[in-house]
1. Which ones in the range 97-123 are surrounded by fewer than 16 Cβ atoms within 10 Å (Cβ to Cβ) and aliphatic (A, V, I, L, M)?
2. Exactly one of these conditions fails for ASP62: (1) among the charged types (D, E, K, R); (2) over 18 Å from PRO116 (Cβ atoms); (3) away from the ligand (no atom under 14 Å from the Cβ). Give me its number.
3. ARG319: touching a residue at least 60 places away in the same chain (Cβ under 8 Å), more than 21 Å from SER213 (Cβ to Cβ) and either surrounded by fewer than 16 Cβ atoms within 10 Å (Cβ to Cβ) or charged (D, E, K, R) (or both), yes or no?
4. Against the definition (modelled with pLDDT under 95 and either within 12 Å of the ligand (Cβ to nearest atom) or in a helix (DSSP H, G or I) (or both)), how does GLY18 come out, yes or no?
5. Could you list all residues from the range 73-100 that are away from the ligand (no atom under 15 Å from the Cβ), out of contact with any Ser or Thr (no Cβ under 6 Å at 6 or more places or on another chain) and among the charged types (D, E, K, R)?
6. If PRO185 meets every condition in (1) buried (at least 16 other Cβ atoms within 10 Å of the Cβ); (2) within 27 Å of ALA310 (Cα to Cα) apart from one, which number is that one?
7. Residues being touching a residue at least 60 places away in the same chain (Cβ under 8 Å), surrounded by 21 or more Cβ atoms within 10 Å (Cβ to Cβ) and hydroxyl-bearing (Ser, Thr, Tyr): count how many of those fall in the range 283-313.
Amino acid sequence: MTVFSLGGTIASTNDPGGDAAGVTPRLGARELVDAVPQLQEVAELETVAFRQTASGDLTLRDLVALAAEITKRFDAGVAGVVVTQGTDTIEETSFALDLLVRGPRPVVVTGAMRNPTLAGPDGPANLLAAVQVAASPQASGLGTLVVFNDEIHAARFVRKTHTFSPATFRSLTAGPLGWMVEGRPRIAFRTPELHGTPTGVGEEVPAVALLKSALGDDSRLVEQVEALGYAGLVVEAFGGGHVPAHVVPALGRLAGRLPVVLASRTGGGEVLRETYGFPGSERDLLSCGLISAGFLDGLKARILLSLLLATGADLAGVRNAFEQVNMSVSSPPSPE
Ligand code: ASP
């Protein structure tokens, strides 16, 4: 098994000689693994210090490069991979890996909320649980997982919901897939394989804007999106997929030129399709050419749209991929 470290709180300590205040990422995968002797009983671990940064400084280019390294390891016969990183962007990075890494072998992402200088750091327990999950045959075929605070989440559903609680990761719509008990993963629910995932993602990932609707919004930002050079837009709309009525014309015009994806700012449920008929409703926006994010929240929809655009997908290709990803969560059971 291979452990890739990318930095984050799990790897953050004080500068022993310096007087800089605050912890920063300093530890690599080897040091993180050596700090948890129980790991030796679970699997033989190769370690790769892949990046050493706060997770807000990671980019989709880093993730494309990481996915290529993971794929190389899987092609060489590695049974599973664990990625340690900052929690701030795990909900995005893990979904990018879910979309980019093929095959049934487990990729498990984890991190920590309490850094190693604090009482009760959660990094060692999270790392041990992540390796235990990645080593388990039960984790095969579940896509990328986030293992944190003894819970096992699917990357496609999980969100960071708290600024400092170790119980920050939640899957609001679907719930966690399972949990850890006495060092063993218990998988209660299985996710179907994702369809419509991008293939042939290039090194250059076009910029996609993410705008959250707010009370009393106007359309000034929407009108600037194309001129600022964005290749697409994700709108985190109110509730089931609604915006103020006077923003619709600008969104409709943009949707004729670039992919504009409609997500919900609520963080749970799905974008509606056929309930409301008022100007600015989901029916109105979808009829103007916006593409439904379905169950994907705005952050995850932005990752999918960015990676699709990095394959050169056109509007029809983007629409089709969003539909397929959404249909994959309700795939019929495979025949006996
Ligand atoms: N607070 C963050 C963490 O939990 C810092 C980061 O995301 O790099 O790791």
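1. Matches in the range 97-123: LEU118, ALA119.
2. (3)
3. Against the criterion (touching a residue at least 60 places away in the same chain (Cβ under 8 Å), more than 21 Å from SER213 (Cβ to Cβ) and either surrounded by fewer than 16 Cβ atoms within 10 Å (Cβ to Cβ) or charged (D, E, K, R) (or both)), ARG319 qualifies.
4. no
5. ASP75 - this is the single residue of the range 73-100 that is away from the ligand (no atom under 15 Å from the Cβ), out of contact with any Ser or Thr (no Cβ under 6 Å at 6 or more places or on another chain) and among the charged types (D, E, K, R).
6. Result: PRO185 passes all but (2).
7. Here the count works out to 1.
Matching residues to (1) at negative phi; (2) touching an Asp or Glu at 6+ places or on another chain (Cβ under 6 Å):
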| residue | (1), (2) |
| --- | --- |
| THR161 | yes, no |
| VAL181 | yes, no |
| ARG190 | yes, no |
| GLY200 | no, no |
| VAL205 | yes, no |
| LYS212 | yes, yes |
| LEU215 | yes, no |
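The values are calculated or read from the model by the stated rules, or taken from the named source; none is laboratory data. Computed from a predicted model, the values in this text were never measured in an experiment. So basically every Cβ, Gly included, is an ideal-geometry build from the backbone, and we count neighbours across all protein chains shown.
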